[in-house]
1. So A:Arg102 fits all but one of (1) touching a Gly at 6+ places or on another chain (Cβ under 9 Å); (2) outside any loop (DSSP other than H, G, I, E, B); (3) touching a residue at least 40 places away in the same chain (Cβ under 8 Å); what number is the exception?
2. So, in region A:116-137, of the ones that are part of a loop (DSSP other than H, G, I, E, B) and surrounded by fewer than 14 Cβ atoms within 10 Å (Cβ to Cβ), which residue ends up modelled with the highest pLDDT?
3. Given (1) open to solvent by 10 Å² or more (accessible area, probe 1.4 Å); (2) more than 7 Å from every other protein chain (Cβ to nearest Cβ), where does A:His71 come up short, assuming only one miss?
4. Of all residues in region A:51-80, count the ones that are modelled with pLDDT of 95 or more and within 16 Å of ligand 2 (Cβ to nearest atom).
5. From the set of residues in region A:147-191 that are of a type in the set (Asp, Glu) and away from ligand 2 (no atom under 16 Å from the Cβ), which is nearest to the other protein chains (Cβ to nearest Cβ)?
6. Looking at this structure, is A:Val65 under 17 Å from the mean Cα position of the chain (by Cα) and of a type in the set (Val, Ile, Thr)?
7. Out of region A:88-97, which residues are free of Cβ contacts under 8 Å to residues at least 40 places away in the same chain and facing chain B (nearest Cβ under 7 Å)?
Amino acid sequence: MLDVKNLGAWYGRAQILNGVSLSVGENEVVALMGRNGAGKSTTMKSIMGLVRHINGTIRYAEREVQGNTPHAICRLGMGYVPEDRRIFGDLTIEENLEVGRREPRPDAPEWTQEHLFELFPNLAERRKNLGKQLSGGEQQMLTIARTLMGNPKLVLLDEPSEGIAPVIVEQMARVIAELKREGLSVLISEQNLHFARIVSDRAFIIEKGEMRFEGSFADLDENPEISNTYLAV
Amino acid sequence: MGFYFAQLLTGLANASSLFLIASGLSIIFGVTRIVNFAHGSFYMVGAYLAYTLVTHWSGSVLGFWVSVILAAMIVGVIGLIIELTILRRIYHAPELFQLVATFGVVLIFQDGTLAIWGAEDLLGPRAPGLDSAVRIMGEPIPEYDLALIAIGPVVLLAIWLLFHKTRWGVLVRAATQDREMVGALGVNQAWLFSAAFVLGSFLAGLGGALQIPREAVSLQMDLSIIGEAFVVVVIGGMGSVSGAFVAAVLISVLNAFAILIFPQISIVLPFVIMAIVLIFRPHGLFGKPGSEKGAPEEPDQPLALMDQKSAMVLMAALLVLALSPLFTADFTSVLMVDVMVATLFAVSLHFMMGVGGMVSFGHAAYFGVGAYGAAMAVKFLGLGMISAMLFGPVCAAIAALFFGWFCVRLSGVYLAMLTLAAAQILWGVTFQWQEFTGGDDGILGVWPAKWASSDKVYFYIAFVLCIGGIWALRRVAFSPFGYILRGIRDSQTRAESIGIDTRFHQWMGFVLAGGFAGLAGVVFAFSKGSVFPDSLGIALSIDGLIMVLLGGIHALAGPILGAGAFVLIEDWVTRLDYWRFIFGAIILIVVLVAPDGIAGGVQRLLRGLKGGRA
Ligand SMILES: Nc1ncnc2c1ncn2[C@@H]1O[C@H](COP(=O)(O)OP(=O)(O)O)[C@@H](O)[C@H]1O
Ligand SMILES: [Mg+2]
């Protein structure tokens, strides 16, 4: 469904990614792991068309999408949840969801506001509140809900568990399981091996902009030196 | 009592038009992050179109209002065309480009309206049905003023409904906060931007069209309103429509009363209010932190010291310049002095922007203070040429010390606007303070000393001062101080975290740039023998920006090439009819075709040639 080959990315003259390849299959949850600054967010932004200077190929939904604008990529059914949330603080929760709303797609589950409020009950209570009045965990839920309003087929989730309370992290894990049950594919970036193991089917590990590992969690368990070298455990 | 109430109503009526144009400017900035200088032109064109339409359907009430709306709609379409053909290509360019590009549009519109409507001021008819005055508390109040007072809040309400009750409005508000994220959620930004631009131009056109019954339509309407409109937007907070409303009312009402006490104040009052507001609220009354940022830019390329070959080319060019009086006519020497003055001015502006990271819309202020300082030293203190030449730059540096202290407290567009405000205040003072500065008549008789009075000798004086100044600024740019400034430009937080007093360094950079601009002003004053308020005006500030842009902001040689090209082009083009149109077109072509300026274009050409050979 998503197939990235030899991705390179630059900010100005600094090359951040170098020959990154990864893939996500139909209805699969894949973890992209690595320490702070390893290049996880840059990988996701590059896939989403948010980094201006990239090379390599990004195949998605049977097409090459590198070089397309973010909105065109989104309209092909790719949803992006940024790590810093980027809620519209002066808009209400309902308006935030409205910004994300797109026409239903034949090949992806359709989400409505009410359906999402069932999935995220705390948002339902505060639907008229402004984005900036929400707690960090609620904002995290809102970004995911906002992206789901676009009825995506594949979701790029950038560090959803970062900086939120443990009880919300649990809720997050349930949400990701629900997405998988609905038939979505998810690429999730994560520093926490424990959380990644709970929610995902297999993992990639990136370090200094290069892919260092690809495989199952069982493989990782058999070679503990890999996680010791590349992850902060 | 009745008189003061009448004055209040006049203020409120003035506020309506100002609000219309400023809200449009604010919406455009909020969504596209473009500081649109051409907004005043939209206002002016709206007024001219309304004049034509209203006189065509003269007399009927319906005809009047249909004309006004129609004029505004045509302006909206004009805005759309400009957005599609010009702005759409430069959304990723640095702010300076966008500013200069929209200024190119201003020039084109000035000559366009001149060609269509002529140079005469046009006095439109009164609004049918609203052409008399009613008595309120014994004072006659024009009915049309009352209508305007109602229109302001009605438009505000309409915009509010549009922004809160329609999907489009919600998207616009979202884009004002985070355009990129809106794009990542599948919204085609291009169309959102176009639509915002159309709405903004429509509002500006409406503001202009509604002025018809109140003031004569003239070719000066564009630049006379744009300064005030910027002020309103900045006071209200960039991107905030209700802020624009509050600020428009604040300025207009204060102005209506202030002129009772001190009639000359109206030129500078808005800028004084803006300076005060910004000092206490650095993002305006309703602005948010982050609202000062222009379009996201590609990270700057590092400035490079010149390699040996370019240094040799430069030395050769200098040598030719130095020897030029020997084999050219006097008028060429005079032109060369103009080029050197412009170059020093551009280099000092580049130092402030390219090295210091502070965009200035009012750099001419320090050029002018330098020029006036020298002129007044000659006139009032009886100083000789040499001492006056020292005195001028010191005055400029002191002015920069004063205004810079305020400016470096802000950043981004707000900083740029405060520099503009400072320049306007100084200009206003110079213009009004007849006894001291000569007002509009300027100061005459600022001639060089006897021994320096020949064009050729004066050429060498200018050569030493200007080239010396440029050389000194270059040295500073690569001194530890210069590196610190650039470090602050690239990341203020990082510089702060390693213990650098960023404000102090920026302040000193500001003063240095101001002092050298003053030096350019001094050389200018003695070469012309006179100074006029223009030397502090917006137009000269923008000329400086154009020079820096023409040359290319990323290259150290940029301002040199840019100023040379600017003066030579100007010298040639101003002899033609419709030179503004031609000049505007040249600016647009440079912005669209060679966005990295002449220096960048030459570099690319050289690289291409080398690549071709290899
Ligand atoms: N906008 C940017 N400009 C320049 N460098 C950046 C930018 N964003 C990230 N980087 C750099 O790119 C590298 C990878 O960052 P990132 O992709 O955010 O890593 P991660 O998400 O794995 O923590 C880091 O070294 C970071 O400093
Ligand atoms: Mg990250």
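The values are calculated or read from the model by the stated rules, or taken from the named source; none is laboratory data. Bear in mind that the values here come from a model prediction, so they are computed numbers and not experimental data. No Cβ is skipped: glycine too gets one built from the backbone with ideal geometry, and neighbour counts run over all protein chains shown. Side chains included, ligands, DNA and RNA excluded: accessible areas come from the protein's heavy atoms. Shrake-Rupley method; radii C 1.70, N 1.55, O 1.52, S 1.80 Å.
1. Failed condition: (2).
2. A:Lys128
3. All conditions pass for A:His71, except number (2).
4. Count: 1.
5. So the first thing to find is which residues in region A:147-191 are of a type in the set (Asp, Glu), and the list is A:158-159, A:162, A:170, A:178, A:182, A:190.
After this cut, where a residue has to be away from ligand 2 (no atom under 16 Å from the Cβ) as well, the list is A:170, A:178, A:182.
On the way: A:Glu170: 27, A:Glu178: 21, A:Glu182: 19 Å.
Filtering region A:147-191 for residues that are of a type in the set (Asp, Glu) and away from ligand 2 (no atom under 16 Å from the Cβ), the one nearest to the other protein chains (Cβ to nearest Cβ) comes out as A:Glu182.
6. So A:Val65 does not fit the description; no.
7. A:Glu95
Condition check ((1) at pLDDT 95 or above; (2) crowded, with 18+ Cβ neighbours inside 10 Å; (3) outside any helix (DSSP H, G or I); (4) not β-branched (Val, Ile, Thr)) across all residues:
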| site | (1), (2), (3), (4) |
| --- | --- |
| B:Ile28 | no, yes, no, no |
| B:Asn36 | no, yes, yes, yes |
| B:Tyr48 | yes, yes, no, yes |
| B:Phe97 | no, yes, no, yes |
